[in-house]
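What follows is a short report on a single structure.
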Amino acid sequence: MLEDIEDGTAAAMRLAGGAPLRSTLDVADPSDWLALDAGAREVAWYRPQFLPEWEQSAPLPADLTQLGESRLALALCHRNGRIRQEAVRQAARYPALLPLVAIRCADWAAPVREHARQLLCEALDADSAPDLAPLILRVGRRDRGAFGVDVLGQILRRASHGQLVALFADPDRIVRRFAYRLAVESRLLRPAELARAAARDEDTVVQDLCATAALTTLGDEEAYGDVLLPLLSARNPRTRSAGVTGLRRAGRSEQAEPFLSDRSALVRACARYVVRQQGGDPVAWYRERCTAPDAPELMPGAVIGLAECGNRADAGLLWPLLAHPAARVRARAVAGLRTLDCVDAKQLRPLLDDPAAGVVRETAVALLPSAKELPADWLLERTSSERPRHVRIGAFRLLDARGGIVGLRAAVGLLEDQDAKLRTWAGQSVQRWHPSADVRRCDAEVGELLDRSRHLFSDYVLRQRKWEAGVDS
């Protein structure tokens, strides 16, 4: 694979020596064609002739009619516009050079563009267009690149479903977006196919495009099974949210209730909208489920959902959930208390020792505004190597936010830690440390700690830090 202009220059040298095109670059990769096009014109500035290296070693003849495929590819990339123009005329002899013709359709020289566009219109058909689509769409981002995209669209609108399938699965999301837009505009896909595409594709643009197009068909029982079920069971939350919203249009609003406890905030918000539209009360639904703190079937989404639409009084339902046997419920309860602005540092502090990393992570985030109120020695004890990794990370996060001499002491103590993440984080903490108002001037411990971390600073910066702290350098 040609990754940059230097690789393209090397490929041009091989082609100039007569190497076959297919053994020099990956003809199915648009990046290789673009790298070759740029690399063939790369100038060797250290040469007195100021010419690309391949031209110095094997210049093109005046007559291009006798050139083979490899050398004609170089002529299509030549720095001289007249040579490129003549090469486009000769390119019809070699269908494998059509990608370079597509690139020349956006050429800065008008005569080259005109001849290349004429040849592209003549050579491109429904069979070759899918293979060339990734390159044409990348060239389409350039100035004067819209012509190729328009031609591609006109041809693919006449293509069969089978010819478009390869584009729907293309790894390049730009290609997939283009193909699905054509399919939606031309109604080439059935609603069920669009729903499956929305559920399957990882690109949010494709998800929204296909889900919206599929939902326009809602209104009968068949549409529910073919369209809504794939949307509602999708892994990605944007597609599930579209399916939940579609329940109201399909007259099935009552089926939105289970999605009130979805793991995605977007899906929960859409479910609350649908439930309210049919006269339901999402807050009451959440409260009912959170009143049994030991219920094993309690979903974490119901816990945070209560905080999203409830009020501060609902914190009374969340506090008992901090002891729930399910770690995800405990974590969502902490997040819910933070959402309701009802964090009590004294009650949350024990959760920094929770066996679940997710709970400790949420607890550390909730306690950040109260970091200075937590006992420094208690936090430092939790950064020791005997503690679980997630506990050490949570404790140091709070110490780092606390700053001052305590934060510096904790960070320097972890500079040689065996955990790479903690070691790196500690180094960054030391580098951005500045004495705060609560740091005593001329504190000898500050000077000692900075000396232990001198490898992180230049001599000038180290002296500056010591001067700020009033410590002799």
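When restricted to residues that are of a type outside the set (D, E, K, R) and either surrounded by fewer than 20 Cβ atoms within 10 Å (Cβ to Cβ) or more than 33 Å from the chain's Cα centre (by Cα) (or both), the range 104-146 contains 17.
Could we say that residue 90 is touching a Pro at 6+ places or on another chain (Cβ under 7 Å) and either farther than 30 Å from residue 200 by Cα or of a type in the set (Asp, Glu) (or both) here? Spelling it out, it is not the case that residue 90 is touching a Pro at 6+ places or on another chain (Cβ under 7 Å) and either farther than 30 Å from residue 200 by Cα or of a type in the set (Asp, Glu) (or both).
Answer yes or no: is there a residue in the range 436-443 that is surrounded by fewer than 18 Cβ atoms within 10 Å (Cβ to Cβ) and assigned to a helix (DSSP H, G or I). No: the range 436-443 contains no residue that is surrounded by fewer than 18 Cβ atoms within 10 Å (Cβ to Cβ) and assigned to a helix (DSSP H, G or I). Close contacts from the range 55-78, counting a first residue that is in the same structural domain as residue 105 (by TED's automatic domain parsing) and a second that is of a type in the set (Ser, Thr, Tyr), with Cβ to Cβ under 8 Å and a gap of 6+ residues or different chains, come to 69/94; 70/24; 72/94.
Looking only at residues in the range 329-348 that are surrounded by fewer than 18 Cβ atoms within 10 Å (Cβ to Cβ) and among the charged types (D, E, K, R), the one that is farthest from residue 306 (Cα to Cα) is 346. Determine whether residue 410 is of a type in the set (A, V, I, L, M) and within 27 Å of the chain's Cα centre (by Cα). No: the conditions fail for residue 410.
Of all residues in the range 364-408 being among the polar types (S, T, N, Q) and exposed (fewer than 14 other Cβ atoms within 10 Å of the Cβ), which is farthest from residue 344 (Cα to Cα)? Checked the range 364-408; the qualifying residue farthest from residue 344 (Cα to Cα) is 385. None of 227, 274 is out of contact with any strand residue (DSSP E or B) (no Cβ under 6 Å at 6 or more places or on another chain), modelled with pLDDT of 95 or more and of a type outside the set (Ser, Thr, Tyr) except 274.
Quickly run through the range 444-468 and pick out the residues that are over 19 Å from residue 413 (Cα atoms) and surrounded by 11 or more Cβ atoms within 10 Å (Cβ to Cβ).
Restricting attention to the range 444-468, the residues satisfying the condition of being over 19 Å from residue 413 (Cα atoms) are 458-461, 463-464, 467-468.
Residues satisfying the conditions are 461, 463, 464, 467, 468.
When the criteria are applied in full, residue 268 meets the requirement of being touching an Asp or Glu at 6+ places or on another chain (Cβ under 7 Å), within 30 Å of residue 177 (Cβ to Cβ) and not polar (S, T, N, Q).
The values are calculated or read from the model by the stated rules, or taken from the named source; none is laboratory data. Computed from a prediction, not measured in an experiment: that's the story for all the values here. Positions of Cβ are backbone-derived with ideal geometry, glycine not excepted, and every protein chain shown enters the neighbour counts.
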